[in-house]
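Asker: Please see the structure below; I have some questions.
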Amino acid sequence: MIKLKNINKYYRQGSQRFHVLHDINVEINQGELVAIIGESGSGKSTLINIVGFLDDDFEGTYFYHNHPIHDYSRKQFSSLRNQNVGFVFQNFKLLRESTVADNVSLPLLYAGKRRQEIGARVAEVLNQVGLAGYENQLPKNMSGGQQQRVSIARAISTHPKFLIADEPTGALDTETSQEIMDLFKCLNRKEGTTITMVTHDPHVAEQCDRIIKIIDGRIVSDSKGGEYHANS
Ligand SMILES: Nc1ncnc2c1ncn2[C@@H]1O[C@H](COP(=O)(O)OP(=O)(O)OP(=O)(O)O)[C@@H](O)[C@H]1O
């Protein structure tokens, strides 16, 4: 589904150019649950932003379903992102003063769905993340774990082809992190949702099918996760 070939990424600051991703070659297949790990500053977010169509300013080729994304116009690139990717962030990125229903509705409104259809879909995804009936709550009155569930509901509302999660448990305590991880695993196993997540937490990474490790912008290992560790 996702194939990155010889990706190099540079950030420019004034006349200086920083080489932050080096010759990245990786494939992510439909249905996988992948962790990207590495030290702070190693390039994990930079990589995940490229995978999630947030950044197309890189060298090399990104094939999405065998099609090089650089062939798309700006408009097509935005549509590609809106129609294919759901995003989950460490700090939830919710509208804290808007209701849960309004937050989860947003991508559906952008996708041009009708009001009735939106209400039904919001109820459905809230049920899926264990927040049935929370439509009228405000995120600012909810716990971190509940807010992350709302953001996951928002991310999956439009049936994206894959999810990108940048430190989704980074702001949560151990127990709540595990609950969120259980939710991701459930989405992956039951719905077949492809998920790529950046994490600092080895216990989270171990529960993924694959662990890709980055050091200084280079993939240094790409191995199977260790579900058995997490369950033992
Ligand atoms: N917009 C930017 N402009 C310039 N340099 C940047 C920019 N974004 C990131 N960098 C630099 O690129 C490198 C990789 O950053 P990135 O955020 O991808 O790392 P990371 O592994 O996700 O780190 P963390 O775990 O701390 O979030 C770092 O040295 C960072 O300072």
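Asker: Roughly speaking, what is the centre-to-centre gap between the range 3-39 and the range 46-76 when only Cα atoms are used, to the nearest Å?
Answerer: Computed from Cα coordinates, the inter-centre distance equals 11 Å.
Asker: Next question, about the same structure. Can you compute the label reach from Glu117? Point 7 Å from Cα along the Cβ direction, backbone N cut-off under 16 Å, restricted to the range 127-157.
Answerer: Answer for the range 127-157: 157.
Asker: Whenever you get a sec, compute what percent of the accessible area on the range 5-160 sits on carbon and sulfur atoms (1.4 Å probe).
Answerer: 43 percent
Asker: In whole Hz, what ³J(HN,Hα) sequence does the range 122-138 give by Karplus (6.51, -1.76, 1.60; θ = phi - 60°), x for Gly and Pro?
Answerer: 4, 4, 5, 6, 5, 4, 4, 9, x, 10, 4, x, 8, 3, 8, 6, 9
Asker: Through the Karplus equation 6.51 cos²θ - 1.76 cosθ + 1.60, θ set to phi - 60°, convert the phi angles of the range 99-108 into ³J(HN,Hα) values in whole Hz; use x for Gly and Pro.
Answerer: Karplus values, whole Hz, x for Gly and Pro: 5, 4, 4, 5, 4, 6, 6, 3, x, 6.
Asker: Ranked highest first by average number of other Cβ atoms within 10 Å, how do 165-171, 127-133 line up?
Answerer: Result, highest mean Cβ count within 10 Å first: 165-171, 127-133.
Asker: Provide the gained length on full extension for the span Leu54 to Glu175, in nm with one decimal, where the gain is 0.36 nm per separating residue minus the Cα-Cα distance.
Answerer: Value of the extension gain: 40.5 nm.
Asker: Take the cross-link list Lys113/Lys140; Lys3/Lys44; Lys9/Lys213; Lys5/Lys185; Lys161/Lys190; Lys5/Lys190 and give me the ones stretching past 19 Å between alpha-carbons.
Answerer: Lys113/Lys140; Lys5/Lys185; Lys5/Lys190
Asker: Still on this structure, I have one more. Under a 1.4 Å probe, what is the accessible area of the range 1-128 per residue, stated in Å²?
Answerer: 55 Å²
Asker: Quick one: Kirkwood hydrodynamic radius for the chain, alpha-carbon pairs, angstrom, one decimal?
Answerer: Value: 18.3 Å, from the Cα pair sum.
Asker: Going by amide H atoms built from the backbone, whose H comes under 5 Å of the H on Gln137, apart from near neighbours?
Answerer: Under 5 Å from the amide H of Gln137 lie the amide H atoms of Val100, Ala101, each far enough along the sequence or on another chain.
The values are calculated or read from the model by the stated rules, or taken from the named source; none is laboratory data. Fair warning: this is a prediction, and the values are worked out from it, not measured in the lab. Please note: Cβ atoms are built from the backbone with ideal geometry, for glycine as well, and neighbour counts cover all protein chains shown. Ligands, DNA and RNA are excluded from the accessible area calculation, which covers all protein heavy atoms including side chains. Shrake-Rupley method; radii C 1.70, N 1.55, O 1.52, S 1.80 Å.
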